[in-house]
1. How about segment 126-146: which of its residues are hydroxyl-bearing (S, T, Y) and crowded, with 19+ Cβ neighbours inside 10 Å?
2. If you go through segment 206-215, how many residues are closer than 24 Å to G99 by Cα and either in contact with a Leu (Cβ under 7 Å, 6 or more places away or on another chain) or at pLDDT below 95 (or both)?
3. How many residues does segment 214-231 contain that are crowded, with 16+ Cβ neighbours inside 10 Å and in contact with a Ser or Thr (Cβ under 7 Å, 6 or more places away or on another chain)?
4. Go through K100, K95, K72 for me and flag whichever is in contact with a Gly (Cβ under 8 Å, 6 or more places away or on another chain), of a type in the set (K, R) and surrounded by fewer than 19 Cβ atoms within 10 Å (Cβ to Cβ).
5. What about S170, is it within 30 Å of Q235 (Cβ to Cβ), exposed (fewer than 15 other Cβ atoms within 10 Å of the Cβ) and not aliphatic (A, V, I, L, M)?
6. Report, by residue number, each residue of segment 133-167 that is farther than 30 Å from R115 by Cα and in a strand (DSSP E or B).
7. With respect to S123, is the statement that it is at pLDDT 95 or above, crowded, with 17+ Cβ neighbours inside 10 Å and out of contact with any Cys (no Cβ under 8 Å at 6 or more places or on another chain) true?
Amino acid sequence: MACFSLMTAQVGAAGEDASKPLNVPAPTPATPPKPAEPAAAASGSAWSAEVAPAKAGEGLTLDARQTELVHKVSGYFSDINTLQGNFVQTSADNKRMKGKFYVKRPGRFRFDYARPSRQIVVSDGQYLAIQDLDLNNEDRVALDETPFRLLLRSDVDLVRDARIMEVQESEDLLVVGLVDKNPDTPGQIKLFMSTKPELELKEWVTKDAQGLDTRVQVSDLTKSGEIDASLFKIQSIGRPMSTP
């Protein structure tokens with residue numbers, strides 16, 4: 001599966017001066033995985049509320065151009081009915097997992113990790129479950145306790161609902177960093193959007209409480225077509241590690 005070209009874009013700290021030009025360094029070779037290692041676990045911090053909280057009061061005062069760009073990102077997500085494609089998840093220690101994903105707004109998505117992993121991340125619109133079929137357990141949280149609720153709600157308006165931490169624009173790339181204005185929804189997420197030939201999601205990065213980044217890159221996107229609703233049903237397995 002082809003990995004898209006923003007794989008090694010460096011992510012600045014939340015609240016970085018948006019007036020600085022976007023700096024995307026050249027890609028560096030990835031460390032090949034050792035064949036004997038077991039499959040990496042799907043990072044809970046990439047999906048759950050276990051991400052670094054932002055300090056109260058942080059956020060940019062948007063100028064007219066920044067406001068326009070954030071509204072464009074809101075419009076992109078609002079226009080999505082269904083979305084599917086491939087993904088590559090890279091953790092802070094450079095371990096990679098890949099697979100296929102499916103989204104049906106509002107609120108529903110599923111990430112199926114390719115073997116040797118037997119892990120699934122699925123949201124039914126109310127709860128998000130991180131399931132490990134090898135260990136026969138799951139970690140379940142309310143979707144509203146994750147930063148993804150901002151992007152999956154029926155009416156996406158990031159200017160209204162998020163504190164914008166960063167807006168950077170280059171010739172063919174738009175980067176928006178944000179946190180939820182709701183104090184009960186912790187978490188920081190940074191979106192990378194290509195702008196040519198049209199606006200399209202390329203990746204996002206979440207930061208955990210230790211300041212470590214988890215990057216999820218997406219490719220081969222299809223924004224139309226029916227998706228089987230049963231994919232978004234959370235099937236109980238074993239004993240949950242945590243429950244809402």
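The values are calculated or read from the model by the stated rules, or taken from the named source; none is laboratory data. As the structure is a computational prediction, the values presented were derived from the model and not from experiment. Note: ideal-geometry Cβ built from the backbone for every residue, glycine included; neighbour counts use all protein chains shown.
1. Of everything in segment 126-146, just one residue is hydroxyl-bearing (S, T, Y) and crowded, with 19+ Cβ neighbours inside 10 Å, namely T146.
2. Final tally of qualifying residues: 6.
3. Qualifying residue count for the region: 3.
4. Numbers: K95 fails: in contact with a Gly (Cβ under 8 Å, 6 or more places away or on another chain); K72 fails: in contact with a Gly (Cβ under 8 Å, 6 or more places away or on another chain).
Sole residue among the options that is in contact with a Gly (Cβ under 8 Å, 6 or more places away or on another chain), of a type in the set (K, R) and surrounded by fewer than 19 Cβ atoms within 10 Å (Cβ to Cβ): K100.
5. Working: within 30 Å of Q235 (Cβ to Cβ): no; exposed (fewer than 15 other Cβ atoms within 10 Å of the Cβ): yes; not aliphatic (A, V, I, L, M): yes.
No: the conditions fail for S170.
6. First, the residues of segment 133-167 that are farther than 30 Å from R115 by Cα: 150, 153-167.
The answer is A162, R163, I164, M165, E166, V167.
7. Taking the combined requirement at face value, the residue satisfies it.
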